[in-house]
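Student: What follows is a structure written as structure tokens; I'll ask about it next.
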Amino acid sequence: MYDKQVRRRRAVLVLLVVVSLILLTAYFGESAGSPLHSVQRGVVTVLSPIQEGASRALKPVRDLFGWFGDTARAKKERDQLKAQRDRLLEQVVGYQVALQENDELHRVLALDDSNGLDAYDKRTVRVIGRPPNNLLLDRLQVDAGSSAGVRVGNPVIADGGLVGHVSFVASDSSFVTLVTDPSSSVSVKVLDTAGDTGLLKPSVGDPLDLLVQLLPRHARVRQEDVVVTGGFRTTRLESLYPPNIPIGRVTKADPEELASDQQVHVAPIADLRHLDFVQILVGPTGSDGERAQVGP
Amino acid sequence: MDGYQLPLRLAALGFLTVVIQIAAVSQVTVFGVSVDLSPLVVASVGLLAGSLPGAVFGFAVGLFVDVALVQTLGVTSLLFIAIGYWAGRLRELRDPAHGLTPLAVGAAATAFATIGFSLMQFMLGVRAPVSWLLLRQVVVTILIGTLLALPIYALVRRVVQGSLPDDPRRRRRRAYTTGGLSPLQRPSAGR
């Protein structure tokens, strides 16, 4: 009797492990349109209304737990923002003059603004889910999918800053891979005196510390410089992100680190850990050309 | 009907755990990391129900997590099978009666799930170097999991209470403590 129980237990254990390994192997080798991915898409479609309901119902609980951290962070942010406001006030006058000159020059040169955000349709969507492990997979689930016109690769913004891009689409929900995901790479431009370009990647272990890498060794990047999307375009490929979407501010620009590692540290503008709503940039209309992401 | 009570309760528990985890708990960060309740629930089920229900529950919850979060299928299942099975074997082999056992099991389950998930992701090709910061976050995740282990265990015990199969070892121990004679105290048949 005991032997029979032991044999049964071992058989079930081996069966479960084998099924898991088969699923893992089959899924890993499959393309995005294959059966297991389709099943996954179907389950996500069925689950998304439940998750959306749970997300709305549990929002007060989330807010309660978030309140403690938010209060401490808000006080720190208030002091930082006061100092920042004073600096920005000084810059505003200069920028207004520059803006006026820029408008005049645009008119003179008749520049095409078609790659601006005006060309995109902004869909405001609710965040309904998030994986527990944000160290190696930093994504979030939103309540809009292909039925709302969302496509894989659409850029996502929030709080006036870049959040990431759509990486998986079901009919009524989709997943957004954040700029803090290890797989994310964004071509960026630093708004310093020279407009240096680089590649934005998250710092491992501290995803909210973004790194702009591959900068020129003698780039004159300073703390508080703004980093925006580069939005490169070649004859065949186009970046996932349109140009000039703000991403973050430089928090640390150490000349020694710049000379040795060619990188500076950036804090994202969007509060990526406390997002309830984000905006997906759908379109621009008729631009179904090949888009690319730098890196993996 | 009684035979279906435990599977039905476990199915409801697993479903609610994953939905609440994804919809609410994962969106709250403590010291920069999200709390993961699912390994704690799987370990608690293993401790309370045994190795076989623990392994099956771990497989089901892991698969549900992988499907719902559009992750590589099988990764979380593999980890949770091990957690549920080992927690169950601990109960069957050692029958730990100490009140802090769920705390130690919860810590081990969180550590195994966090480190195992990271290793599996590295093996599957996530290109991210191991850093001290990453290790620090793993340690924080384990600490938070340890703190939550006891309340989660109490909650799971409340859910499955009354539907657990009889455990002969526990029955025997109850008999000694309520006045029954242990085999050592009984007059030996051979004497």
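The values are calculated or read from the model by the stated rules, or taken from the named source; none is laboratory data. In this text, all values refer to a predicted model and were calculated from it rather than measured experimentally. All Cβ positions, glycine included, derive from the backbone under ideal geometry; neighbour counts span all protein chains shown.
Student: Among the residues of the range A:102-120, are any among the aromatic types (Phe, Trp, Tyr), modelled with pLDDT under 80 and surrounded by 10 or more Cβ atoms within 10 Å (Cβ to Cβ)?
Tutor: Narrowing the range A:102-120 to residues among the aromatic types (Phe, Trp, Tyr): A:120.
Filter again for modelled with pLDDT under 80, leaving none.
Checked against the condition, which is being among the aromatic types (Phe, Trp, Tyr), modelled with pLDDT under 80 and surrounded by 10 or more Cβ atoms within 10 Å (Cβ to Cβ), the range A:102-120 yields no hits at all.
Student: Taking the condition away from chain A (no Cβ under 13 Å), in contact with a Leu (Cβ under 9 Å, 6 or more places away or on another chain), assigned to a helix (DSSP H, G or I) and not aromatic (Phe, Trp, Tyr), does B:LEU10 pass? Lay out the reasoning, then the answer.
Tutor: On the way: away from chain A (no Cβ under 13 Å): yes; in contact with a Leu (Cβ under 9 Å, 6 or more places away or on another chain): no; assigned to a helix (DSSP H, G or I): yes; not aromatic (Phe, Trp, Tyr): yes.
No, not satisfied.
Student: When you look at B:VAL61, is it in contact (Cβ under 8 Å) with a residue 12 or more places away in the chain and under 12 Å from the mean Cα position of the chain (by Cα), yes or no?
Tutor: Working: in contact (Cβ under 8 Å) with a residue 12 or more places away in the chain: yes; under 12 Å from the mean Cα position of the chain (by Cα): yes.
Judged against the criteria, B:VAL61 is a match.
Student: How about the range A:150-166: which of its residues are of a type in the set (A, V, I, L, M, F, W, C), more than 14 Å from A:ASN244 (Cα to Cα) and surrounded by 20 or more Cβ atoms within 10 Å (Cβ to Cβ)?
Tutor: Result: A:VAL150, A:ALA158, A:VAL166.
Student: Of (1) surrounded by 13 or more Cβ atoms within 10 Å (Cβ to Cβ); (2) within 11 Å of chain B (Cβ to nearest Cβ), A:GLU77 satisfies all except one. Which?
Tutor: Exception for A:GLU77: condition (2).
Student: A follow-up question, please. For the subset of the range A:20-42 comprising residues that are surrounded by fewer than 16 Cβ atoms within 10 Å (Cβ to Cβ), hydrophobic (A, V, I, L, M, F, W, C) and under 18 Å from A:SER173 (Cα atoms), which member is nearest to the other protein chains (Cβ to nearest Cβ)?
Tutor: Residue satisfying both the conditions and the ranking: A:VAL39.
Student: Using beta carbons and a limit of 8 Å, which pairs, at least six apart or on different chains, have the first residue in the range A:50-74 and more than 9 Å from every other protein chain (Cβ to nearest Cβ) and over 21 Å from B:PHE64 (Cα atoms) and the second one crowded, with 16+ Cβ neighbours inside 10 Å and not β-branched (Val, Ile, Thr)?
Tutor: Short answer, once both residue conditions are applied: A:ASP70/A:HIS274.
Student: Looking only at residues that are closer than 18 Å to A:LEU272 by Cα and touching a Ser or Thr at 6+ places or on another chain (Cβ under 6 Å) in the range A:187-232, which one is farthest from the other protein chains (Cβ to nearest Cβ)? Let's see the steps before the verdict.
Tutor: Taking the range A:187-232 and keeping what is closer than 18 Å to A:LEU272 by Cα, we get A:200-212, A:226-229.
Filter again for touching a Ser or Thr at 6+ places or on another chain (Cβ under 6 Å), leaving A:201-202, A:204-205, A:207, A:209, A:211.
On the way: A:LYS201: 10, A:PRO202: 9, A:VAL204: 5, A:GLY205: 3, A:PRO207: 8, A:ASP209: 8, A:LEU211: 12 Å.
So, considering only residues that are closer than 18 Å to A:LEU272 by Cα and touching a Ser or Thr at 6+ places or on another chain (Cβ under 6 Å), the one farthest from the other protein chains (Cβ to nearest Cβ) is A:LEU211.
Student: Here's something else I'd like to know. Every residue in the range B:57-74 that is at the interface with chain A (Cβ under 7 Å from one of its Cβ atoms) and either under 20 Å from A:VAL12 (Cβ atoms) or assigned to a helix (DSSP H, G or I) (or both), please.
Tutor: Passing the criteria: B:PHE59, B:VAL67, B:ALA68, B:LEU73, B:GLY74.
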